[in-house]
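The block underneath contains the structure these notes are about, expressed in structure tokens.
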Amino acid sequence: MNIFHYLKKQNATFSETEVNRLDALVLSWFSYYNYPDELSDKPFIVSALNKKEILKEKKFTIEASDGPNSRKLIKRLVSHPRFKDLKLSDFVRKTDIPSTTQFAAVTIEINPRLHVIAYRGTDPSFVGWKEDFLLSYKEAIPSHDMALDYLEKAMEKYEGEFILTGHSKGGNVAIFAFYKTSVENRKRIKALYSFDSPGFAYDFKDVEDYQEANDKVHKMIPKSSIIGMFFEKEPDFAIVDSSFIFIFQHDAFSWQVKGNDFKYKKRRTRQSKFIASRFNTWVESLSLEEKEKFTDLVFDLFYKTKANDFFTFLFQIPKYGPKLISLYKGLDLVDKLFLKRMVKSFQKAWLKKKIDFEN
């Protein structure tokens, strides 16, 4: 049973039952849609999307995580008694290669005294994935600054309490904005829900009210989490059962539910612990300069393939794979040797005998 089973059984409005973890996951998905221009600059009711020309528009879900299920979800929500009357507003979207920025967010009014800010996770674009790699060595990526700015403007605009939510990188930027805003603002934030989001190159323990603030943060990962354990230093998370295997569990539509909550597991799988430990060990072994150069070199190669995004690249490997190999062969000797050294360092980390299974 997944999130669709929950929607089928849950017919109460938010005035009857409060926002729960399953709702937070659903609400986070509103950030993945690209709303028509006429709906982006003014508030609109979810049911207003129930127009054939909008729901059939391919660009509406082109950047969504799991396109088919995302389309299925929005078709349910536009007429669902719990979600159809919610008001969406302040949709912001920016994808920019020069600044390595991929960001989107939307505000959802539960009632005039409670608003949810949903931050988008990584889309299939190369720039979106490159920005994720910046997490390994930057204290703040471009989306972090945009997330904080978005939060503070929303809190000036609307009264009452807030809930922050996000899947994948969306949860990561939500956490950054939460800890970096003022103590006064954090007091107005009721809860933060992060779904399989990567961690940070540093922690937030120097925040003035860290312990009190930390109690509001609810991070959930699937039992075989890979992405959600990258750069993660805090073992405080709930482990959710999933019907998929391996990295495919990042797809939250595979997460299992039980009643009005997720179905939980006591521990992560050995595969999750093994891969996350190896990857994090490798990243920590690199210098700041090596991380930056590796990221720039690799993604410059992907950009030059002229593939639109990773989905295009993977689904058309016979076309773009040879281009990538040719571009690599065209690198100067210094860059080639550097990439080879990075591969060897990764192999060394992978074959390391000692492994931390504590988390």
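Just so you know, all these numbers are worked out from the coordinates, no wet-lab data involved. In this text the structure is predicted, and so the values were computed from the model without any measurement. Quick reminder, even Gly has a Cβ in these numbers, built from the backbone with ideal geometry, and neighbours come from all protein chains shown.
With a cut-off of 15 Å between beta carbons, the residues surrounding residue 113 carry a summed charge of +1, where Lys and Arg count +1 and Asp and Glu -1. Over the chain, the pair-distance histogram of Cα-Cα distances with 10 Å bins from zero comes to 5, 23, 34, 25, 10, 2, 0 percent, rounded to whole numbers.
Once the piece of chain linking residue 57 and residue 310 is laid out straight, how much longer is it, given 0.36 nm per residue of separation minus the C-alpha distance between them?
Net length gain for the segment: 89.0 nm.
Here segment 263-312 and segment 24-50 have alpha carbon centers that stand 31 Å from each other. From least to most packed, judged by other beta carbons within 10 angstrom and beginning with the fewest, 319, 58 follow the order 58, 319. Fraction of C-alpha pairs exceeding 18 angstrom in segment 85-164: 44 percent, rounded to a whole number. When only Cα pairs below 8 angstrom with a gap of at least 6 residues are kept, the chain shows a relative contact order of 14 percent.
Using the alpha carbon gyration tensor of segment 153-294, what are the three equivalent-ellipsoid semi-axes (square root of 5 times each eigenvalue), largest first, in whole Å?
Values: eigenvalues 139, 96, 31 Å².
So the three semi-axes of segment 153-294 are 26, 22, 12 Å.
Dipole magnitude for segment 1-89: computed about the Cα centre from +1 point charges on Lys and Arg Cβ and -1 point charges on Asp and Glu Cβ, it is near 420 debye.
If packing is taken as the mean number of other Cβ atoms within 10 Å per residue, what is the order of 149-162, 219-232, highest first? Walk me through the numbers on the way to the answer.
Working: 149-162: 16.4, 219-232: 23.4.
Taking the mean over residues of other Cβ atoms within 10 Å, the ranking is 219-232, 149-162.
Highest-first packing order for the peptide set 132-139, 6-13, 20-27, 205-212 is 20-27, 132-139, 6-13, 205-212, based on the mean count of other beta carbon atoms within 10 Å.
Here the simple spin-label model places points 7 Å from the Cα toward Cβ, and for residue 45 and residue 337 these points are separated by 6.8 nm. Expressed in Å, the radius of gyration and Dmax of the Cα atoms of segment 247-359 are 18.5, 59. For segment 59-198, rounded, prolate or oblate, judged on the Cα gyration tensor with a ≥ b ≥ c (square roots of eigenvalues), a/c < 1.5 rounded, else prolate if a/b > b/c? It comes out oblate by the Cα gyration axes.
What size of dipole, in debye to the nearest 20, comes out for the chain about its Cα centre when the only charges are +1 on Lys and Arg C-beta atoms and -1 on Asp and Glu C-beta atoms?
1820
Within segment 3-268, antiparallel bridges make up roughly 50 percent of the DSSP beta bridges whose residues both belong there.
For the pair residue 243 and residue 216, label points projected 7 Å from Cα toward Cβ lie 3.5 nm apart. In a Gaussian network model over the chain where Cα atoms closer than 10 Å are linked, find which of 76, 113, 278 has the largest mean-square fluctuation. In this elastic network of the chain, the residue with the biggest mean-square fluctuation among 76, 113, 278 is 113. Whole-Hz Karplus values for segment 320-336 come out as 9, x, x, 5, 5, 5, 5, 5, 4, 5, x, 5, 6, 4, 4, 5, 4 Hz, taken residue by residue from phi with 6.51 cos²θ - 1.76 cosθ + 1.60 and θ = phi - 60°; glycine and proline positions read x.
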